[in-house]
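Any read-out appearing in this document is the output of simple, stated calculations on the displayed coordinates, not a laboratory observation. The shown structure was predicted, so the numbers you read here are calculated from the model rather than taken from an experiment. So basically every Cβ, Gly included, is an ideal-geometry build from the backbone, and we count neighbours across all protein chains shown.
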Amino acid sequence: MKRLSLSFAIFLMSLNAFCQNSVDFPGNWSMGTSYHYGFIMAHRPAVIHLQKEHTRGFEISWQKLPSAPDGWRNTYGFPWLGITYLNLDLGNPLEIGQCHGLFPMVYFPLIPKHPMSLVLRFGWGIGYIERPFNPEDNYKNLTIGSRWNCGINSALLFRIPASSRLQVLGGVNFTHYSNGASQMPNLGLNMATVQAGIQYVAGAPQKRTKVAVEPRRKGIEYSISLASGVKDIYPPGGNKYFPVNLSINTLKDFSPKSMVGIGIDMGIDESMVPRLEEEYRDGFGAKSRLGIHATYGLHVGKVHGLLQVGTYLHSGLTLDGTVYNRLGFRYYPSKRLFVCFNLKSHYAKADYFEWGLGYALRK
């Protein structure tokens, strides 16, 4: 999870660095396929024994260049939208099997004017693991306790034109699967692969030039949100818990893309109580947490990508340490209301997924 948070931070900061004024595209939609070759990343000693053979797989992808050239598409160099199916054979059919992922994707062109284009890709979707943990016949797989999981995929890809419609592509790819501790065990699966394939571009050639749009007004956003999730603790097969967190945030824009801020978290987590020694299990303090955090984020239209790093001022349980992370997204269907989806973690260990609602005011 620490590597995932670092990758997400690099991704956000990379997007803040690139912007194009005018871009030519050979078409407005494309389809492609790639072959993947790599390995399971052993981020914990308990994962090493699962590394039997190299990871092999393939992907099928479809992308579309949105027709509207205004708003956030101007700001980020006219990104493509798409969806990708990814199949990976993890080289261990008895303990893990294959994994399947379906990812809605955003493709951010970094140097699209060059004949060899460079693309930063990011997607958040769902994944299916064939052989999750089972206490009877698969008790050595401590990485994943559920078949259905959340999946994150990011890649740095280059494309070389082979003809007016055909492109050769290659790059490096990172895939992560986790159920956010909703079902133990959940160390998470991380796969690093290199990929190579072909892309066919169709449709009428497109030219995108920045149009005059009203820039996002710099300001300060004050928000409050309430989020909850499902959490499981060891040993597997026990009770489910539903932690709740109230978050109050202040975010300030410092560019048309980026924002920074601070906030406070107030949470109740019943799952801490069984992990405490008997004499410390009574009272509200045993199940409560209070923390402060710093935030870095990006505006992508109605979506905000956020990365938070915080520290507990009070925690009924100290075994998780004093530092916590949260990465996720907010979607604003209106100027003041938003929905959020976050993954909270402690260092390299997922705590739980959060789903929530919030209200924001801007000045």
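Computed values, structure above
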item	result
Equivalent ellipsoid dimensions for region 220-362 as semi-axes, Å, which come from the Cα gyration tensor, largest first	29, 15, 13
Under 24 Å from the Cα of Lys363 - lysines, other chains or at least 8 residues apart	Lys218, Lys252, Lys257, Lys302, Lys335
Using a Förster distance of 30 Å, the FRET efficiency for Arg336-Ser288 (Cβ separation, nearest 0.05)	0.55
Positive-pole candidate from Gly145, Phe122, Pro45, dipole of the chain, charges at beta carbon	Phe122
Sorted peptide list for 198-204, 27-33, criterion being average Cβ within 10 angstrom, highest first	27-33, 198-204
Helix axis angle, 2-15 relative to the chain longest principal axis, alpha carbon, degrees	30 degrees
Cβ-defined net charge surrounding Leu81, 13 Å radius [Lys, Arg +1; Asp, Glu -1]	+3
Farthest toward positive dipole pole in the chain [+1 Lys/Arg, -1 Asp/Glu at C-beta], among Val172, Phe25, Gly356	Phe25
Highest to lowest packing among 183-193, 163-173, scored as the average C-beta count within 10 Å	183-193, 163-173
Full-extension gain in nm, Glu278 to Ala196, via 0.36 nm per residue minus C-alpha separation	23.9 nm
Under the Karplus curve 6.51 cos²θ - 1.76 cosθ + 1.60, θ = phi - 60°, whole-Hz ³J(HN,Hα) for region 178-192, x wherever Gly or Pro sits	7, 9, x, 6, 7, 8, 7, x, 8, 6, x, 10, 10, 10, 10
Mean separation of Cα contacts under 8 Å, 6 or more apart, over the residue count of the chain: relative contact order %	15 percent
Among Arg44, Arg330, Arg147: highest mean-square fluctuation, GNM of the chain, C-alpha pairs under 10 Å	Arg44
Förster radius 51 Å - calculated FRET efficiency between Asn134 and Lys207 (Cβ-Cβ, nearest 0.05)	0.40
Loop-located GluC sites (Glu not before Pro) in region 79-170, at most 11 other Cβ atoms within 10 Å (DSSP)	Glu136
Alpha carbon centroid spacing (whole Å) that separates region 278-330 from region 128-173	28 Å
Using θ = phi - 60° and Karplus 6.51 cos²θ - 1.76 cosθ + 1.60, couplings along region 127-132 (whole Hz; Gly, Pro as x)	x, 10, 10, 5, 10, x
Restricting region 264-293 to trypsin sites (Lys or Arg not before Pro) in coil, as DSSP defines it, with at most 15 other Cβ within 10 Å	Arg281
Three-way shape label, the chain, alpha-carbon gyration tensor, a/c 1.5	oblate
The chain - mean residue ellipticity at 222 nm from DSSP helices (-39,500 (n - 2.57) per run, n ≥ 4, rounded to 500)	-1500 deg cm²/dmol
In region 273-320, GluC sites (Glu not before Pro) in a DSSP loop with at most 16 other beta-carbon atoms within 10 Å	Glu277
Inter-label distance, nm, simple model (7 Å from Cα along the C-beta direction), Tyr37/Ser67	4.3 nm
Virtual spin-label span in nm between Tyr234 and Tyr347, 7 Å along Cα→Cβ	1.4 nm
Positive minus negative residues near Met105 (Lys, Arg vs Asp, Glu; Cβ under 11 Å)	+1
Sequence-distant residues sharing a close amide H with Trp29 (under 5 Å, placed H)	Leu65, Ala202
Environment charge at Asn134 (Cβ cut-off 14 Å; Lys +1, Arg +1, Asp -1, Glu -1)	-1
Contour minus Cα-Cα distance for Thr322 and Leu94 (0.36 nm per residue)	78.3 nm
Two-decimal ratio, region 38-156, of alpha-carbon radius of gyration to 2.2 N^0.38 Å	1.31
